[in-house]
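The values are calculated or read from the model by the stated rules, or taken from the named source; none is laboratory data. Values in this document were obtained by computation on a predicted structure and should not be read as measured data. Glycine also receives a Cβ, built like all others from the backbone with ideal geometry; neighbour counts cover every protein chain displayed.
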Amino acid sequence: MNKLAPLAIALCTILAAACGDAPADATAEAPQSAPAISSVAPGMSAQDVAQALRGAAAPSEDSITRHDAGATAADGGAPVSAPLSRQGVFARRPLELPRAAPGAWADVYASKNPLGALTDAQKQSFADSGRAFLRRDFKDALERLYALLTEQPDYPPAQLMLGATYYKLRRYEDSIEAHERFLAHAPDQVGTTQALAHCYYGLGRYEQALAHYEAVVAANPSSPEALRGLALSKMRLGDLDGALEGLRRVLQLEPDHAEAQAFLAQVLYDQGESKAALEAAERARELAPGDPRPWYLISQCLHELGDDEAAELAQANWKEVARVAQDVRALEARVAYRPPDTHSLALRLVELHTKMRDLRGLSEALDIAAQSRPPGVAEVDIRILALDAFERTGSRAAAENAAQALEKLCAEDVAAWKRLEQWYQAVGDSTNQIRAGEMWRRLNSGEAR
């Protein structure tokens with residue numbers, strides 16, 4: 001087996017997890033009847049990435065949003081300005097790709113090596129497209145995938161990655177096209193395509209979403225995100241009892257699933273259970289302080305329960321959180337297309353995610369800031385920014401990981417040790433504070449380590 005095969009095969013299994021986030025309304029304004037900076041660890045392996053993506057709550061970088069009424073069909077539903085979505089490879093559509101004959105790839109997943117049909121150069125390109133996908137460089141990923149799918153029409157692993165990429169870009173029509181072509185050649189792999197159901201849901205096609213979630217759940221009965229998507233589809237179609245049962249099942253599997261908790265609160269509220277809804281909404285707010293939906297539900301429940309003063313305060317908080325969430329969505333939509341000002345946009349995202357104490361969003365924004373840093377911005381600057389930001393969120397574990405990464409990766413930089421001295425002092429670690437101070441003095445004076 002080619003030495004690239006293990007990585008490329010791993011990428012095939014990671015894709016389903018990478019699009020694991022189930023749909024959520026973008027606005028949440030009211031209930032409707034690499035070495036990564038990431039707080040997980042620097043330098044994640046493919047296995048680590050898969051696990052992190054499976055376990056993470058939905059990026060709300062990546063929750064499904066409603067179809068943007070202002071986007072045209074040519075955009076595939078991308079909620080970004082037309083010029084960004086129509087430049088270079090972003091102007092291309094899956095419909096233009098050549099098609100393979102029926103049955104051409106019937107045995108690709110039955111083989112122990114699904115990459116066997118590719119040349120060494122194509123295997124390298126597929127592996128590189130996967131790396132680009134994982135670091136959210138969707139332009140690079142698309143360029144490689146279009147080249148590969150032109151040479152190997154409808155090659156299923158590449159079609160699946162193409163669908164995942166368009167899903168991340170929020171171009172749901174294009175994602176649907178790629179996923180449906182994938183399933184035409186690999187129908188037994190339906191369990192890897194919950195993003196297709198997310199796209200149906202995001203476009204308001206709830207019956208199709210429900211049917212596809214049912215197929216995904218049949219293949220993966222314990223998938224929290226597929227079960228949540230199924231529950232939300234039932235909610236949209238008026239089956240509140242079915243939605244309630246599904247959301248409770250999600251929370252049995254993953255008790256800290258913030259969005260499932262928030263939608264549980266909404267369903268309870270819609271059923272007139274204001275007290276139970278308030279308890280669920282308060283738990284959702286604890287799990288995801290940057291999500292506007294719990295704040296809105298809290299305000300509504302408090303009004304129903306007669307506590308108007310507390311309700312007004314909760315409503316004021318909801319408006320502020322909703323405003324920030326709207327700014328975050330707009331910035332993330334722009335950053336996905338990697339415009340020239342990506343670094344400054346990423347820094348703004350860092351600021352907003354820090355304010356909202358959104359650790360996952362903060363980690364991703366820091367990664368993008370690191371990848372896009374211009375000349376004059378050193379790695380130590382980004383690593384110190386990461387420590388500063390995680391410390392401000394109040395997450396001791398995330399800040400400790402950032403401090404460890406700063407020490408490991410910037411050990412020869414005087415600024416790193418100055419910041420580490422401050423950090424160790426703040427957490428009461430006198431031993432490491434003294435050590436960091438000594439390292440700072442030695443480096444500052446020009447002494448060799």
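Figures for the structure shown
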| item | result |
| --- | --- |
| Residues within segment 333-361 that are acidic (Asp, Glu), in a helix (DSSP H, G or I) and at pLDDT below 95, tallied | 0 |
| Unique match (being of a type in the set (D, E, K, R), within 30 Å of the chain's Cα centre (by Cα) and not in a loop (DSSP other than H, G, I, E, B)) among Glu364, Glu438, Glu421 | Glu364 |
| Among the residues listed as Lys275, Lys234, the single one being touching a helix residue (DSSP H, G or I) at 6+ places or on another chain (Cβ under 9 Å), surrounded by fewer than 16 Cβ atoms within 10 Å (Cβ to Cβ) and closer than 25 Å to Pro292 by Cβ | Lys275 |
| Asp154 vs. criteria at pLDDT 95 or above, outside any helix (DSSP H, G or I) and touching a Phe, Trp or Tyr at 6+ places or on another chain (Cβ under 8 Å) | yes |
| Residue in segment 371-384 that is over 29 Å from Ala141 (Cα atoms), in contact with a helix residue (DSSP H, G or I) (Cβ under 6 Å, 6 or more places away or on another chain) and assigned to a helix (DSSP H, G or I) present | yes |
| Residue match in segment 405-423 (condition: closer than 15 Å to Ser363 by Cα and either surrounded by fewer than 14 Cβ atoms within 10 Å (Cβ to Cβ) or out of contact with any Pro (no Cβ under 8 Å at 6 or more places or on another chain) (or both)) | yes |
| Which listed residue is within 24 Å of Glu364 (Cα to Cα), in contact with a Phe, Trp or Tyr (Cβ under 7 Å, 6 or more places away or on another chain) and either assigned to a loop (DSSP other than H, G, I, E, B) or of a type outside the set (Val, Ile, Thr) (or both), from Phe90, Phe126, Phe133 | Phe90 |
| Residue count, segment 360-381 (criterion: of a type in the set (A, V, I, L, M, F, W, C) and surrounded by fewer than 24 Cβ atoms within 10 Å (Cβ to Cβ)) | 4 |
| Filtered residues of segment 157-173 (kept if part of a helix (DSSP H, G or I), of a type outside the set (A, V, I, L, M) and crowded, with 24+ Cβ neighbours inside 10 Å) | Pro157, Gln159, Gly163, Thr165, Tyr166, Tyr167, Tyr172 |
| Test set (1) surrounded by fewer than 24 Cβ atoms within 10 Å (Cβ to Cβ); (2) touching a Gly at 6+ places or on another chain (Cβ under 8 Å); (3) among the β-branched types (Val, Ile, Thr) - Val216 fails condition number | (1) |
| Hits in segment 237-268 - residues which are of a type in the set (Gly, Ala, Ser) and more than 23 Å from Pro292 (Cβ to Cβ) | Gly238, Gly242 |
| Pair list, Cβ < 6 Å and 6+ apart or interchain, from segment 374-392 residues that are under 16 Å from Arg357 (Cβ atoms) to residues that are of a type outside the set (A, V, I, L, M, F, W, C) | Ala389/Thr354; Arg392/Thr354 |
| Residue pairs meeting the criteria (Cβ under 7 Å; at least 6 apart or on separate chains; first surrounded by 16 or more Cβ atoms within 10 Å (Cβ to Cβ), in segment 102-125; second assigned to a loop (DSSP other than H, G, I, E, B) and β-branched (Val, Ile, Thr)) | Pro114/Val108 |
